[in-house]
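Asks: Below is the structure I would like to discuss, written out as structure tokens.
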Amino acid sequence: MKKFNRSLAFSMAVCLGASTVLTGCGTSVEDNTGEEVEITVSNELKAGENGEVYVFNWGEYIGDGVIEAFEKETGIKVNYMEFTENEDMYPLLASGANNYDVVCPSDYMVDKLIKENLIQPIDKSKITNYGNIDPEYLKSAELFDPGNQYCVPYCWGTVGILYNTSMVDEEITSWNALFDEKYSGQILMMNSLRDAYMIALNLLGYDLNTSNEAELDAATDLLKKQKPLVQAYVVDEVRDKMIGGEAAIGVIYSGEAIYTARENPDLKYVVPDEGSNVWIDGWVIPTNSKNTENAYKWIDFMCRADVALANFNYITYSTPNKAARELITDEDIKNSTVAFPGEDILSRCKAYNYLTPEVEEMYMEKWNSVKSN
Amino acid sequence: MKNRNKMPLLAAPYGVWSVAFIVIPLIMILYYGFTSKADGSFTFENIALIAKSDNLKALGLSVVLSLISTVICLLIAYPLALILKALKFKGSSFLIMIIILPMWMNSLLRTIAWQNILENTGILNNILTFFGLPKAHIINTNKAIIIGMVYDFLPFMILPINNVIQKIDDDVINAARDLGANYFQTIIRVILPLSLPGVISGITMVFVPALTTFVISTILGGSKILLIGNVIEQYFQYIYNWNAGSGLSLVLMVFIFISMALVNKYDKEDEVSAAF
């Protein structure tokens, strides 16, 4: 859900002939964090001699060469498929027509998959590198996966405000800035229903997983009042618009903030005081998986410190893998509170829960009333 | 006799295609549209969703914006076709190719390109500020959506109109002139009635996709403007309510049928009046 669509940026670059952007996201050898990483491969097996595994992951959500390294190491042929939204992935998984062995959904979707018996409990003893995962994030994951029975965290991040210090005089610490009239026309709001409501609900002091209609109505009123001030509701575009100075304040996922700050040093990321959302994408094994053992090998490989680092360098979304974080050589990134917020920030962030279809429909109808207002 | 036996065989590829990609999906939409998500029983509640004020507003706005876009397309395309006909120079097919050249590019990319042009810090405003002119605030408004619709769908108006007008026999026009009609009388009394089929298919080919678009409003409207296409997309994408989404799609289809029927009706009337 939180992944910027790099392929879209790539095609935009091609389309507009912006050659500088082209080298930035196309053929560049250097990873996005500017670091090089070597994955140690101890075997030279041929892909397919030890069976296969069907992996269903977000688009652009794995480091360069990681799949090849896994195939060499284990001899398991990887059938790698990508999706762009949890919502795109879900019907494919739920229909049961495809036998995926390992999938990487987000928190609330994991919750939903558990409740619908579409994924199976994970035997942690089969994942030798499980200890690399920081217990802190396992604790956050318990909100949607009690006891961490079903999901092995892969990437995570927070939602916050990105603002341009050359266009904003004050230090922003509150979601209120997004509702401040002096920034009229300079605000980029998140065009994602849950995130938009999360902001309004936090500001009103309500729970971000609420299904109370009165609370949602109050949030809806707030969002309606905000609409005239909003320049646009965006998801992926926020990154380029903020870098280009098209707007002063935007809502963004923390994973993008590392990249935007490097492209435009005036941009500052903050997780507001009222609290925010912490999201976690993790590996799960569908109930109808046919190559379960190979799925375990895949998850185990993903938990290896060097592999996790290679993935982090490419994706730039925070890794829950503490062993990988130790390996980061760039001190700025290693100690970045954007990439790795401390306990003080995380304690005010909460993961999304799955909402029932009725509540989802209520959210959507209220969100539509904001949009058509 | 032999040929007639071969006819079904020749029609087979299209038959398979239309069953697989037109008939079956339509039946599925009908099925979903008229059944309840909860228990699969027959219901009108999906269709009735259109009566919700937000959905009605979205539908109304979609109709208005796509009508405006269609009219603009027509005002651009028709004179162009007349000019091409009058000029009769060899390069006219090349000119048409230039017009449809952008169609070779993905429409999503073209829409994103417009976003870059119209943005507050975009190409257009950079040019305006360079000449000391005030900035134009077009992006994220209805204007931007109309520009996007016109740009994306204009070739669909130009091609059918141009095809029809080019095929009008010069003798017909010359006869009108011989009989004393001036240039404008020729256009209105002769060319216009003869070109109506092209105009009508042009109108349908622009109006229908404009009415149902959700990409243009998302990209150029900054998602601030909710069209009926966006509402349907949300039902499918966000709450997986295929029943509600199909119900609204059916309403939209009815609208399209009505507009096509209206256009066809006038078409027939004009043919009759032209005959007299």
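What follows draws every value from the coordinates through simple rules; no lab data is involved. For clarity, every value in this text was computed on a predicted model and none was experimentally measured. Methodologically, a virtual Cβ is constructed for each residue, glycine included, from the backbone with ideal geometry; neighbour enumeration extends over all protein chains shown.
Asks: Hey, can you grab everything whose amide H is under 5 Å from the amide H of A:Gln120? Only 5+ residues off in sequence or another chain; H modelled, so Pro and N-termini drop out.
Replies: Residues meeting the criterion, in which the H sits 1.01 Å from N, are A:Ile285, A:Thr287.
Asks: Along region A:52-57, what does the Karplus equation 6.51 cos²θ - 1.76 cosθ + 1.60 (θ = phi - 60°) give for ³J(HN,Hα), rounded to whole Hz, x for Gly and Pro?
Replies: 9, 9, 9, 9, 10, 10
Asks: Could you compute the FRET efficiency for A:Glu170 and A:Ala47, with r as their C-beta to C-beta distance and R0 at 45 Å, rounded to 0.05?
Replies: Details: r = 55 Å, r/R0 = 1.23.
Once the sixth-power term is evaluated, E becomes 0.20.
Asks: What distance in nm separates the two pseudo spin-label positions at B:Lys167 and B:Val19, each 7 Å out from Cα along the beta-carbon direction?
Replies: Each label point lies 7 Å from its Cα, and together they span 3.1 nm.
Asks: Also, quick follow-up: What are the semi-axes of the equivalent ellipsoid for region A:252-299, taken as the square roots of 5 times the Cα gyration tensor eigenvalues, largest first, in whole Å? If you can, show how the numbers build up before the last one.
Replies: Working: eigenvalues 270, 46, 8 Å².
Equivalent-ellipsoid dimensions as semi-axes: 37, 15, 6 Å.
Asks: While we're on this one: Would you mind working out the magnitude of the charge dipole of chain A relative to its Cα centre, with +1 at each Lys and Arg C-beta and -1 at each Asp and Glu C-beta, to the nearest 20 Debye?
Replies: Values: 30 positive and 60 negative charges, 86 e Å.
So the magnitude is around 420 debye.
Asks: Continuing with this model, one more query. Looking at the protein assembly as shown only, what percent of DSSP beta bridges run antiparallel? Nearest 5 please.
Replies: Numbers: 22 of 39 bridges.
Around 55 percent antiparallel, to the nearest 5.
Asks: Okay, moving on. Name the long-range amide H neighbours of A:Tyr154: under 5 Å, sequence gap of 5 or more, or other chain; modelled H, no Pro or chain starts.
Replies: Correct list: A:Asp281, A:Gly282, A:Trp283.
Asks: Assuming R0 = 41 Å, can you tell me the calculated FRET efficiency for the pair A:Gln149 and A:Asn212, based on Cβ-Cβ distance, to the nearest 0.05?
Replies: Values: r = 29 Å, r/R0 = 0.70.
According to the calculation, E is roughly 0.90.
Asks: Any number yet on Rg/Rh for the protein assembly as shown, C-alpha, Kirkwood? Intermediate results must be reported in sequence, preceding the final value.
Replies: On the way: Rg = 28.3 Å, Rh = 27.8 Å.
For the protein assembly as shown, the value is 1.02.
Asks: Which residues among region A:206-224 fall inside the zone where the amide N is under 13 Å from a point 7 Å beyond the Cα of A:Thr356, along Cα→Cβ?
Replies: Taking a point 7 Å out along Cα→Cβ of A:Thr356, the residues of region A:206-224 whose backbone N falls under 13 Å are A:211-213.
Asks: If I model region A:135-213 as equal point scatterers sitting on the Cα atoms and use the Debye formula, what is log10 I(q)/I(0) at q = 0.15, 0.17, 0.23 Å⁻¹?
Replies: Debye output, listed in q order: -0.73, -0.86, -1.15.
Asks: About its Cα centre, how strong a charge dipole does chain B have in debye, to the nearest 20, once Lys and Arg get +1 and Asp and Glu get -1 at the Cβ? Please report the intermediate quantities before stating the final value.
Replies: Details: 18 positive and 14 negative charges, 79 e Å.
Using only the charged Cβ atoms, the result is roughly 380 debye.
Asks: What order do you get for A:Ser174, A:Ser347 when you list them from fewest to most C-beta neighbours inside 10 Å?
Replies: On the way: A:Ser174 15, A:Ser347 11.
Ranked by crowding around the Cβ, least crowded first: A:Ser347, A:Ser174.
Asks: Follow-up question, since we're still on this one. Remind me, relative contact order of region B:55-275 in percent, using alpha carbon pairs under 8 angstrom and six or more residues apart? Can you show the working numbers first?
Replies: Values: 228 pairs, mean separation 60.9, N = 221.
Reported as a whole number, the value is 28 percent.
Asks: If you don't mind, another one. In region B:55-275, if the dipole is taken from +1 on Lys/Arg beta carbons and -1 on Asp/Glu beta carbons about the Cα centre, which of B:Trp242, B:Ser217, B:Thr129 is farthest to the positive end?
Replies: B:Thr129
Asks: To continue, here is another question. Take B:Val64 and B:Phe130, extend 7 Å from each Cα along the Cα→Cβ direction, and tell me the distance between the two endpoints in nm.
Replies: My value for the distance between the label points is 3.5 nm.
Asks: Moving on to the next point. List A:Thr337, A:Thr220, B:Thr204 from most exposed to least, where exposure is judged by having the fewest other Cβ atoms within 10 Å.
Replies: Values: A:Thr337 13, A:Thr220 21, B:Thr204 18.
Ascending Cβ contact count within 10 Å gives the list A:Thr337, B:Thr204, A:Thr220.
Asks: Further question: For the protein assembly as shown, what is the charge dipole size about the Cα centre, in debye to the nearest 20, if Lys and Arg each add +1 at the Cβ and Asp and Glu each add -1 at the Cβ?
Replies: Using Cβ point charges on Lys, Arg, Asp and Glu, the protein assembly as shown gives about 2960 debye.
Asks: Normalising by the residue count of chain A, find the relative contact order in percent from Cα pairs under 8 Å and 6+ residues apart.
Replies: Working: 672 pairs, mean separation 98.3, N = 373.
So the answer I get is 26 percent.
Asks: Here's something else I'd like to know. Taking the Cβ-Cβ separation of B:Ser53 and A:Asp266 as r and a Förster radius of 30 Å, what is the calculated FRET efficiency to the nearest 0.05? Please report the intermediate quantities before stating the final value.
Replies: Numbers: r = 42 Å, r/R0 = 1.41.
Calculated transfer efficiency: 0.10.
Asks: Separate question: Among A:Arg325, A:Arg348, A:Arg239, which one shows the biggest mean-square fluctuation in a GNM of chain A, springs joining Cα atoms closer than 10 Å?
Replies: A:Arg348
Asks: Grab region B:55-275 and count how many Lys pairs have their alpha-carbon atoms under 24 Å apart, sequence gap of 8 or more, or different chains.
Replies: Taking the Cα cut-off of 24 Å, the pair count is 10.
Asks: Averaging over all projection directions, find the projected area of the Cα convex hull of chain A and quote it in nm² with one decimal place. Working shown, then result.
Replies: Working: hull surface 73.2 nm².
For chain A, the mean projected area of the Cα convex hull comes to 18.3 nm².
Asks: Quick one: which residues, 5+ away or cross-chain, put their amide H under 5 Å from the amide H of A:Asn277? H built at 1.01 Å from N.
Replies: Close amide H contacts, sequence-distant or interchain: A:Val159, A:Lys350.
Asks: Continuing with the same structure: Quick check on the exposure proxy: order A:Ile299, A:Ile39 from fewest to most C-beta atoms within 10 angstrom. Mind showing how you got there, number by number?
Replies: Values: A:Ile299 25, A:Ile39 20.
Ranked by crowding around the Cβ, least crowded first: A:Ile39, A:Ile299.
Asks: Now for a separate question. Computed over the Cα atoms, what is the radius of gyration of region B:55-275 divided by 2.2 N^0.38 Å, N being its residue count? Don't skip to the end; give the middle numbers.
Replies: On the way: Rg = 20.2 Å, N = 221, 2.2 N^0.38 = 17.1 Å.
Rg over 2.2 N^0.38 Å, computed on Cα atoms: 1.18.
Asks: For B:Met103 paired with B:Ala86, estimate the spin-label separation in nm (one decimal), with each label point 7 Å from Cα along the Cα-to-Cβ line.
Replies: Modelled inter-label distance: 2.5 nm.
Asks: Tabulate in residue order the Karplus-calculated ³J(HN,Hα) for region A:211-220, using 6.51 cos²θ - 1.76 cosθ + 1.60 with θ = phi - 60°, rounded to whole Hz; enter x for Gly and Pro.
Replies: 10, 7, 5, 4, 5, 5, 5, 4, 5, 4
Asks: Under the Karplus relation 6.51 cos²θ - 1.76 cosθ + 1.60, θ = phi - 60°, what is the ordered set of whole-Hz ³J(HN,Hα) values for region A:77-83, x standing for Gly and Pro?
Replies: These are the phi-based 3J(HN,Hα) values: 6, 9, 9, 9, 10, 10, 10 Hz.
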